[in-house]
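The values are calculated or read from the model by the stated rules, or taken from the named source; none is laboratory data. Worth saying up front: this structure is predicted, and the values here are computed from it rather than measured. Don't worry about glycine lacking a Cβ; one is built from the backbone with ideal geometry, like all the others, and counts go over all protein chains shown.
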């Protein structure tokens with residue numbers, strides 16, 4: 001695998017008697033979407049702020065494209081773009097003024113192309129405070145991209161955004177990944193993380209609980225896999241001697257089963273349908289979701 005573009009090693013941050021982040025280590029590689037997840041108070045924001053150079057760690061090291069977030073702050077600004085959950089833009093500031101301000105801070109020409117890309121051309125003369133939540137999120141992402149950064153931090157990028165706006169922002173995230181931008185996504189939306197992220201890290205109580213692909217994380221879940229199927233003659237609506245799956249009910253002709261050994265259970269159910277001279281019309285397999293696994297870990301129901 002390539003060398004990491006961002007590395008956090010033994011990061012600890014204390015506020016007097018409170019340890020917000022406790023000995024956290026992970027690596028993020030070029031071109032991946034890396035999710036940083038956790039309940040409120042888990043240490044996500046503190047970790048991000050240390051990565052961005054906004055807070056000084058109590059101990060540990062962070063390297064952003066080989067740069068120190070505090071000592072090399074001005075250089076880090078060139079490679080790291082940040083979309084904050086709450087932007088500190090003046091309510092009266094015009095959209096075009098916001099873009100001009102951020103571009104001036106990065107010593108680049110105003111990025112009218114970004115306003116066009118995010119559908120903000122017609123809003124250039126509107127005040128920031130009058131924008132909808134979705135429009136604000138688009139503007140914040142456009143501002144984060146003003147310096148053409150290698151790494152972009154997205155803190156709750158779709159919070160409060162409607163379904164259409166969420167889909168548009170997801171497409172932008174995929175487009176950025178496609179051109180090699182590394183993205184760090186902090187979100188409470190587990191479905192969003194599962195859909196977009198190559199790997200995720202879950203923080204609980206300031207400690208790193210797990211890190212891996214969404215599939216690796218959910219594979220450790222104690223929740224059973226759900227098999228839903230419908231047959232032409234209803235041979236699997238609770239009938240048959242199925243050892244590898246448990247029948248839990250039926251609805252509108254569909255039979256619902258739970259299992260832990262998915263492959264064996266599916267093969268056994270299909271064999272039973274064939275034995276009954278039946279025909280499977282619909283078959284769906286739903287593994288435990290990232291949200292289910294997340295709740296297991298947060299609520300102390302961890303399988304490990």
Report summary line: Flagged in the stretch 57-95 as at pLDDT 95 or above, out of contact with any strand residue (DSSP E or B) (no Cβ under 7 Å at 6 or more places or on another chain) and over 20 Å from residue 153 (Cα atoms), in numbering order, are 95
Query raised in the report: Within the bounds of the stretch 68-77, is there any residue that is part of a loop (DSSP other than H, G, I, E, B), buried (at least 17 other Cβ atoms within 10 Å of the Cβ) and out of contact with any helix residue (DSSP H, G or I) (no Cβ under 8 Å at 6 or more places or on another chain)?
Result: yes
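Regarding residue 273, is this residue out of contact with any helix residue (DSSP H, G or I) (no Cβ under 8 Å at 6 or more places or on another chain), surrounded by 15 or more Cβ atoms within 10 Å (Cβ to Cβ) and at pLDDT 95 or above?
Values: out of contact with any helix residue (DSSP H, G or I) (no Cβ under 8 Å at 6 or more places or on another chain): yes; surrounded by 15 or more Cβ atoms within 10 Å (Cβ to Cβ): yes; at pLDDT 95 or above: no.
No: the conditions fail for residue 273.
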Requested in this report: Inspect all residues belonging to the stretch 124-139 and state whether any of them is surrounded by 22 or more Cβ atoms within 10 Å (Cβ to Cβ) and more than 24 Å from residue 39 (Cα to Cα).
Outcome: yes
Query raised in the report: Which residue out of 279, 294 is in contact (Cβ under 8 Å) with a residue 40 or more places away in the chain and buried (at least 18 other Cβ atoms within 10 Å of the Cβ)?
Result: 294
Query raised in the report: When residue 98 is evaluated against the numbered criteria (1) surrounded by fewer than 17 Cβ atoms within 10 Å (Cβ to Cβ); (2) at pLDDT 90 or above, which criterion, by number, is the only one it fails?
Result: (1)
Report task. Would you mention how many residues in the stretch 243-257 are within 33 Å of the chain's Cα centre (by Cα), surrounded by 15 or more Cβ atoms within 10 Å (Cβ to Cβ) and in a strand (DSSP E or B)? Result -> 4
Report summary line: Of the residues in the stretch 140-152 that are over 20 Å from the mean Cα position of the chain (by Cα) and part of a loop (DSSP other than H, G, I, E, B), the one that is surrounded by the fewest Cβ atoms within 10 Å (Cβ to Cβ) is 148
Query raised in the report: When you go through 30, 39, 4 one by one, which is the residue that is touching a residue at least 24 places away in the same chain (Cβ under 8 Å), part of a loop (DSSP other than H, G, I, E, B) and over 26 Å from residue 149 (Cβ atoms)?
Result: 39
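Among 173, 184, which is the only one that is in a strand (DSSP E or B), within 25 Å of residue 43 (Cβ to Cβ) and touching a residue at least 40 places away in the same chain (Cβ under 8 Å)?
Working: 173 fails: in a strand (DSSP E or B).
Criteria check complete, one pass: 184.
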Query raised in the report: Of the numbered conditions (1) loosely packed, with under 15 Cβ neighbours inside 10 Å; (2) under 26 Å from the mean Cα position of the chain (by Cα); (3) under 16 Å from residue 143 (Cβ atoms), residue 104 satisfies every one except a single condition; which is it?
Result: (2)
Query - Filter pass, residue 20 being assigned to a loop (DSSP other than H, G, I, E, B), touching a helix residue (DSSP H, G or I) at 6+ places or on another chain (Cβ under 9 Å) and in contact (Cβ under 8 Å) with a residue 60 or more places away in the chain - result: no
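Tell me the residue from 211, 266, 217 that is without any contact (Cβ under 8 Å) to a residue 40 or more places away in the chain and either part of a loop (DSSP other than H, G, I, E, B) or surrounded by 15 or more Cβ atoms within 10 Å (Cβ to Cβ) (or both), please. Step through it out loud before you land on a result.
Details: 211 fails: without any contact (Cβ under 8 Å) to a residue 40 or more places away in the chain; 217 fails: without any contact (Cβ under 8 Å) to a residue 40 or more places away in the chain.
Exactly one residue qualifies, and that residue is 266.
Could we say that residue 227 is crowded, with 18+ Cβ neighbours inside 10 Å, in contact (Cβ under 8 Å) with a residue 12 or more places away in the chain and farther than 30 Å from residue 176 by Cβ here?
Details: crowded, with 18+ Cβ neighbours inside 10 Å: yes; in contact (Cβ under 8 Å) with a residue 12 or more places away in the chain: yes; farther than 30 Å from residue 176 by Cβ: yes.
So residue 227 fits the description; yes.
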Report task. Please state which one of 85, 168, 109 is surrounded by fewer than 21 Cβ atoms within 10 Å (Cβ to Cβ), within 17 Å of the chain's Cα centre (by Cα) and assigned to a loop (DSSP other than H, G, I, E, B). Result -> 85
